[in-house]
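S.K.: Quick one: the structure is below, and I'll ask about it shortly.
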Amino acid sequence: MLTTDRRVVHLIPHTHWDREWYLPLGAFRARLIGALDGLLAQLAADPRLPGFLLDGQTILLEDYLEVRPERLDEVARLVQAGRLDIGPWYVLADEQIPGAESLVRNLLLGGAATRRFGGAASVLYSPDAFGHPGCLPQLGAEFGMASGVLWRGVSPAAMDNRDLAWWSGPDSRRLLVYHLPPDGYEIGSGLLVPEERLAAAWQRVAGQVLPRAATRHVAVLVGADHHAPPRDLGELSGRLAKIEAGEEFRFSRLADFLQAAGAEARELAVLRGEQRRSDGYTWALQGVHGTRAPLKRRNSLIELQLTRLVEPLVSLTTREPGAGILRQAWREVIQCHFHDAIAGCCSDQVARAMTVRFDTAQAALDVVVADACDQLAGHDPDLARERGSHGSRLLLWNPVARERGGVVVCDLTFFRRDILVGPPGARRARRGPGMKPFVLRSVGGPTELVPQIIVQERGLERLDARRHCPDLDDVDRVRIAFPLDRALQGFGGGLFEIHPRRARPGAALAGAAGRSVWNSQVKLELGGDGRAVVRVPGTTTAFSGVLVLESERDLGDSYSFCPAPGDRVRRGRLSGRPRVTASGPYLATLEWRLVLRAGAGIGGRAGIVTAHCQAEAIGDSQALRLRLALDNQAQDHRLRLRLPTGLARTPILAGAQFGVVGRPPPSRVSGPQRLESPVPTAPAHRFVAAASTGYGLAVFAPGFFEYEWNSRGELMITLLRAVGQLSKADLRTRPGHAGWPTATPEAQCMGQGQVELGLALVRAEDIAEPARLEQLWEDIFVPPVARWIRDYHQAGAPLIEAIGCTLEGDGLQLSALKPAESTAGTVARCYNLRPAVSRGCLRFRRRVGRATEVRADETPVADLPLEDEGRCIPLVVGPRGLKSVLVEWT
């Protein structure tokens, strides 16, 4: 409660700088240079300003110093003196769309930059993200921050209508949060007015901040979007003191305000879980989760490759240059996570720039993966050119931290002839036989594996080597599936070779015929209207009418969905006959085509949406793999996949960053809403699942996606939100512009794209033990890596024989296996999905020299014991907790 002592109003100078938004990076960076030139001069000339908050993201200094490198020392001196506050983030990301490890990499990059300048960030500053995940207090603690600043997505009622509260994370670690007033980080810009208007301006500001004050200390952020500070900013505290003698006004740093307020705070409310509703306080803007969905899917796929493929490969093989290339790829990807960019509420130029960054990162990662796989296989491409090939090899590597078997799907190539590039001269094109019948055999192993040939076609393959020109060949491309004869160790694998022999595959594990595809655990039957039935073979359990493609008009903008009055939902219909494209015995595929009229097309008439659907059963997997090749020729509509379950009023479990979140069906809201209508949609990572006493359904995706779960037990997965304006002012769901009006025709997502999903029948016990869902997700989207080396030349013992890592412990899920930031070691991170302590261990195939528990920022916490001759690191992970371990090898 407030005391009778004099109130202290902390004026915190700042700017909020959207790096790219309605204008591309080039335009905002050009403005940034002038703004920071003026700011540096002002800080040097006016000692009344103790500091300036540079928006919590270090990338602004990176952008500035690319143009003004001569000012590096001056900037560093201001940071070291505490007069220029930077960090903790690299970019101010949308916190709900990027994966958990992306948030960690963002803070790692921001922390490294802050330290390079001689600073130290202590406040988890998030002034404009569109809601916040429940793991944020954990991240604050993992990076040494005890306080934070939030705005959107926080309900004032949950704060007891005060400006301070504790936010408790899943593991009960707390963050002291300051909730910005309704006008947000721009509230103090209203005080930058002529003298005669200042009293009225202060009364408006005071009306928002003083009644909410939980202590004598009140914060007023003075600044706005892309604003350089006014030249007379240093006079503001004195001007306010003249008109309000009962208060003390002082310029402060954000950390100083939070320290002073936190020291006096008593009996604060406690926030728990995610923060996604503002309840009339300000816009939460949750409609962004479906905007520019193809770009979000692209981001999820590259995050998946970074965290579950490239980082472990680099960690387990030679670090350089892979670690440096990996770090640069992360920078390019995280630059796309700025909240307006990854949320899709940006101009088309910004979206295209993100695509270029993704392409650049992807191309670099492809090279890193190829080099690492060569090391695992003991293959030297240069020696293969110089001394000849030892034949072909298939490298299999298991990128998950547990042993597993099953069916492997991979692509092989067989040489037909050289493709000569450049003047041929005396060169003559070699020729080969192409593919002949074959079997697979583990190198040194007696067991033969007979593959299923899924597809065979002609194509080109380029073989690269560092010291030689590329070798381009005409080849037979062959996709095969085969069951492993033994399980692959976690993060281990083996080499296989082919032997020419004709043989028949073994017993059928999966099949397809007519309108059905199945294995021993799940079966899909397609009806004549294009709706599907998914059932458990041999039981009466079935879910009917699933995988319905449907569209509804969307009159909204990039921030908010807005339905059309009187609109009817349009549903896709089957076009042509379904066809079986693979009938087993190890992989079976059923394909069909859905067509619907949707939204508006060219000329205002309804457009056409086509979906080529594919359902695939692999081995005895519990899940079907779904691919939808979309061709969207409609505008201003929302396209979704509907899956009725009949589980009315049942809560749903959604994957989240570092865990899961349970959500009830949203209650229906009637009548007009202040500022913004609450949305029934919600964000998810990796999966959503619901079940009651028997079976239920789970839907899986590579990363982030938007879904809706209603009280009737219907699950809708958003495939597209096609909109053509950055912001509109006349929406029924959100009156007023959320951004600057800008045409965004490319946000209509016209043309072709692909959606990958998984579908499984799950039980209530799977919901109760989410680690089962995480493992099922891994089996769908993190399958064994199969690398075909057609010109194999063995240059040493294959590294694949010496590596491996398994994570043991009920409820523990590996999140990262990455190169350490500043040492030659490896950081392994896991989280506990259970509400109780979990005991387990990290078990390696090679010996560990030293193990240290570290925070996520890789600050050492304590040495850990080693067992089993240095190959086992015991772990104790608290309820819903995180555990990071720095592993240094012998």
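The values are calculated or read from the model by the stated rules, or taken from the named source; none is laboratory data. As the structure is a computational prediction, the values presented were derived from the model and not from experiment. Reconstructed Cβ throughout: ideal geometry from the backbone, glycine too, with neighbour counts over all protein chains shown. These area figures cover heavy atoms from the full protein model, side chains too; ligands, DNA and RNA do not enter into them. Shrake-Rupley method; radii C 1.70, N 1.55, O 1.52, S 1.80 Å.
S.K.: Over the Cα atoms of the stretch 559-694, what is the Rg over Rh ratio if Rh follows Kirkwood?
M.R.: Radius of gyration relative to Kirkwood radius: 1.02.
S.K.: If you don't mind, there's one more thing I want to ask. When every alpha-carbon pair in the stretch 195-275 is counted, what percent end up more than 14 Å apart?
M.R.: Pairs farther apart than 14 Å: 72 percent.
S.K.: Now for a separate question. Please name which of 194, 208, 227 has its Cα lying farthest along the dipole of the stretch 190-233 towards the positive end, using unit charges on Cβ (Lys, Arg +1; Asp, Glu -1) and the Cα centre as origin.
M.R.: It is 208, whose Cα lies furthest towards the positive end.
S.K.: What percent does the relative contact order of the stretch 11-127 come to when contacts are Cα pairs within less than 8 Å and at least six residues apart?
M.R.: Contact order relative to length: 26 percent.
S.K.: Under 1.5 on a/c is rounded, so check that first for the stretch 681-724, then, if it is not, pick prolate when a/b is larger than b/c and oblate when it is not; a ≥ b ≥ c are the square roots of the alpha carbon gyration tensor eigenvalues.
M.R.: oblate
S.K.: Now, a different point. How high is the relative contact order of the chain, in percent, with contacts defined as C-alpha pairs under 8 Å that are six or more residues apart?
M.R.: 13 percent
S.K.: Moving to a separate point now. Which value, in Å³ per residue, describes the convex hull spanned by the Cα atoms of the stretch 267-415?
M.R.: About 219 Å³ per residue, rounded to a whole number.
S.K.: Which whole-percent values make up P(r) of the stretch 787-861 when all C-alpha to C-alpha distances are grouped in 5 Å steps starting at zero?
M.R.: Final binned percentages: 3, 11, 19, 19, 17, 12, 8, 6, 4, 1, 0.
S.K.: Please report Rg over Rh for the stretch 1-135, where both radii come from the alpha carbon positions and Rh follows the Kirkwood definition.
M.R.: Across the stretch 1-135, the Cα-based Rg/Rh ratio is 1.00.
S.K.: Quote the convex hull volume per residue of the stretch 129-215, based on C-alpha atoms, as a whole number of Å³.
M.R.: Dividing the Cα hull volume of the stretch 129-215 by its residues yields 108 Å³.
S.K.: Something else: Over its Cα atoms, what ratio of radius of gyration to 2.2 N^0.38 Å does the stretch 226-329 give?
M.R.: Taking N as the residue count of the stretch 226-329, the ratio is 1.87.
S.K.: Can you list, bin by bin at 5 Å, the percent of alpha carbon pairs in the stretch 468-579, starting at 0?
M.R.: It works out to 2, 7, 10, 11, 10, 11, 12, 11, 10, 7, 5, 3, 1, 0, in whole percents.
S.K.: If a/c stays under 1.5 just call it rounded; otherwise compare a/b with b/c (prolate if a/b is bigger, oblate if not). Do that for the stretch 776-825, with a ≥ b ≥ c from the square roots of the Cα gyration tensor eigenvalues.
M.R.: oblate
S.K.: To the nearest 20 Debye, how big is the dipole of the chain about its Cα centre, given +1 on the beta carbon of each Lys and Arg and -1 on that of each Asp and Glu?
M.R.: 2480 debye
S.K.: I'd like to know how the stretch 695-836 sits against the 2.2 N^0.38 Å rule of thumb: what's its Cα Rg over that expected value?
M.R.: So the Cα radius of gyration is 1.56 times the expected 2.2 N^0.38 Å.
S.K.: Write down the radius of gyration of the stretch 381-433 and its Dmax, each obtained from C-alpha positions, in Å.
M.R.: 17.4, 54
S.K.: Find which of 79, 104, 64 sits farthest along the positive direction of the dipole of the stretch 52-125, computed with +1 on the beta-carbon of Lys and Arg, -1 on that of Asp and Glu, about the Cα centre.
M.R.: Towards the positive end, the residue furthest out is 79.
S.K.: Along each principal axis of its Cα atoms, how long is the stretch 739-788 end to end? Whole angstroms, biggest number first, please.
M.R.: Between the extreme Cα coordinates on each principal axis of the stretch 739-788 lie 48, 39, 18 Å.
S.K.: Applying 1/(1 + (r/R0)^6) with R0 = 41 Å to the Cβ-Cβ distance of residue 732 and residue 485, what FRET efficiency is obtained, to the nearest 0.05?
M.R.: 0.10
S.K.: Still on this structure, I have one more. Evaluated at 25 °C with a viscosity of 0.890 mPa s, what Stokes-Einstein diffusion coefficient in µm²/s does the chain have when Rh comes from the Kirkwood expression over alpha-carbon pairs?
M.R.: The diffusion coefficient I find is 84 µm²/s.
S.K.: Compute the accessible area per residue over the stretch 385-487, keeping the other protein chains in place, probe 1.4 Å, unit Å².
M.R.: In whole numbers, the stretch 385-487 has 55 Å² accessible per residue.
S.K.: Name the residue farthest towards the positive end of the dipole of the stretch 695-787 from the options 720, 754, 705, assuming +1 on Cβ of Lys and Arg, -1 on Cβ of Asp and Glu, about the Cα centre.
M.R.: Checked the options; the winner is 720.
S.K.: Using amide H atoms built 1.01 Å from N in the peptide plane, name the residues 5+ places from residue 85, or on other chains, whose amide H lies under 5 Å from its own.
M.R.: 52, 53, 54
S.K.: Moving to a separate point now. What is the gain in length, in nm to one decimal, between residue 199 and residue 270 on full extension, counting 0.36 nm per residue of separation less the C-alpha to C-alpha distance?
M.R.: My answer for the length gained is 22.0 nm.
S.K.: Let me ask you something else. Please report the carbon-and-sulfur percent of the accessible area for the chain; probe 1.4 Å, protein heavy atoms only, DNA, RNA and ligands left out.
M.R.: 50 percent
S.K.: For the peptides 231-242, 510-521, 715-726, what is the packing order when you average, over each peptide's residues, the other Cβ atoms within 10 Å and list the highest mean first?
M.R.: Top to bottom by mean Cβ count within 10 Å: 715-726, 510-521, 231-242.
S.K.: Using only alpha carbon positions, build the gyration tensor of the stretch 347-425, then give the equivalent ellipsoid semi-axes as the square roots of 5 times its eigenvalues, largest first, whole angstrom.
M.R.: They are 30, 26, 13 Å, listed largest first.
S.K.: Quote to one decimal, in nm, the extra length available between residue 65 and residue 443 on full extension: 0.36 nm per residue of separation minus the C-alpha distance between them.
M.R.: Result for the pair: 130.7 nm of gain on full extension.
S.K.: Given a Förster distance of 22 angstrom, what is the FRET efficiency for residue 569 paired with residue 754, based on the Cβ-Cβ distance and rounded to 0.05?
M.R.: 0.40
S.K.: For q = 0.18, 0.20 Å⁻¹, what log10 I(q)/I(0) does the stretch 762-890 give under the Debye formula with an equal point scatterer on each alpha carbon and no solvent?
M.R.: -1.05, -1.20
S.K.: Could you sort the peptides 15-28, 689-702 by per-residue average Cβ neighbour count (10 Å cutoff), highest mean leading?
M.R.: The peptides rank, most packed first, as 689-702, 15-28.
S.K.: Still on this structure: Taking residue 883 as the anchor, which aspartates and glutamates have their alpha carbon closer than 15 Å to its alpha carbon, excluding any fewer than eight residues away along the same chain?
M.R.: 101, 142, 171, 808, 810, 853, 857, 858, 863
S.K.: Roughly how many nanometres apart are two label points built 7 Å out from the Cα toward the Cβ at residue 846 and residue 541?
M.R.: Output for this residue pair reads 4.3 nm.
S.K.: Let me ask another. So, how do all the Cα-to-Cα distances of the stretch 618-681 break down into 5 Å bins, in percent, from 0 on up?
M.R.: Calculated over all Cα pairs of the stretch 618-681, the distribution is 3, 9, 11, 15, 20, 20, 13, 5, 2, 1, 0 percent.
S.K.: Name the residues whose placed amide hydrogens come within less than 5 Å of the amide hydrogen of residue 448, ignoring near sequence neighbours (fewer than 5 apart) on the same chain.
M.R.: For residue 448, whose amide H was placed from the backbone, there are no distant partners under 5 Å.
S.K.: Something else about it: Using a Debye calculation, one point per C-alpha and no hydration shell, please list log10 I(q)/I(0) for the stretch 408-480 at q = 0.12, 0.26 Å⁻¹ in order.
M.R.: Ignoring solvent entirely, the Cα scatterers give -0.45, -1.18.
S.K.: Rounded if a/c is under 1.5, else prolate if a/b is larger than b/c, else oblate: which is the stretch 703-747, with a ≥ b ≥ c the root eigenvalues of its Cα gyration tensor?
M.R.: Oblate.
S.K.: Using label points projected 7 Å from each Cα along Cα→Cβ, tell me how many nm separate residue 360 and residue 348, to one decimal.
M.R.: 2.3 nm
S.K.: Residues with beta-carbon under 15 Å from that of residue 539, excluding residue 539: net charge, scoring Lys, Arg +1 and Asp, Glu -1?
M.R.: In short, +2.
S.K.: Right, another one. Using only the C-alpha atoms of the stretch 133-274, find the volume of their convex hull and express it per residue in Å³.
M.R.: 118 Å³
S.K.: Roughly what would the spin-label model give for residue 710 and residue 464, points 7 Å off Cα along C-beta, in nm?
M.R.: Output for this residue pair reads 4.9 nm.
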